[in-house]
Amino acid sequence: MCYAFYFKHAISHKTHLRVHVNRYKEWAYLVCWCLRLKKSILYFSGPGEVNTDETLEEAKIRADELGIKHIVVASTKGKTAIRALEVFKGSSVVVVPHVTGLREPGIQELSNEIQEKIRSSGGKIVIATHAFSGVNRAIQAKSDIMFPVGIVAQTLRLFGQGTKVAVEIVAMATDAGAIPADQDVIAIGGSGRGADTAVVIKPANSHRLFDMVIKEIIAKPHHF
């Protein structure tokens, strides 16, 4: 009788275990199914300033959907920055212009007047050595040798100039402490003037570049 009790108990325990395992499998499948994500990407027929408004608007929609509050924007003269501050009102907007002296020694292309306007509108400005340039660019100009950082930049340009810019400005903004390193951001870049690319990025410092993750492409040129 004692053996029969233990046998029945073992069978009952095994049955309950099988039920729990099956339920676990069902929940695991449901979680995996829910984690799948299907979304659209806005592709422009070509690069350039003409895509600025649509890029910013699409980025705003995705920022709201994902609850992203940190936006990093490349802007040389400030026009894109001012527009971004209007679109992303209430968010933390970090503007990254060219390094001072890129075109002419000692000259910053983002005027003092525009800088003041950006700051008075709640924006932050990061002016720093370009993550994919700096001393490497000086050596390349003298010796015509491309260093690894240049190869990284050229590889990112396979997705368009705007994607390369987006990754670079996120590294620069992270290095400056202007954005948190543990929260996703939306980075907006362009090809020359304006904006034509927006991506969702998990940030990282420049010396931890390969910890950075491009999570989503929101918009980019199809032809460039």
* **Sequence ranges 157-165, 98-106, 72-80, 204-212, ranked by mean other-Cβ count within 10 angstrom, highest first** => 72-80, 157-165, 204-212, 98-106
* Structure fact -> Excluding residues fewer than 8 positions from Lys164 in its own chain, the lysines with Cα under 18 Å of it are Lys202, Lys215, Lys220
* To do: Using the charge dipole of region 33-76 (Lys, Arg: +1 at Cβ; Asp, Glu: -1 at Cβ; taken about the Cα centre), state which of Leu37, Thr52, Val72 has its Cα farthest towards the positive end.
  => Leu37
* **Protection proxy ranking of 185-197, 108-120 - average other beta-carbon atoms within 10 Å, highest first** => 185-197, 108-120
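Here, each number is a calculation from the coordinates, and none is a lab measurement. This one's a predicted model, so the numbers in the text were calculated from it and none came from an experiment. Cβ: placed from backbone, ideal geometry, glycine included. Neighbour counts: every protein chain shown.
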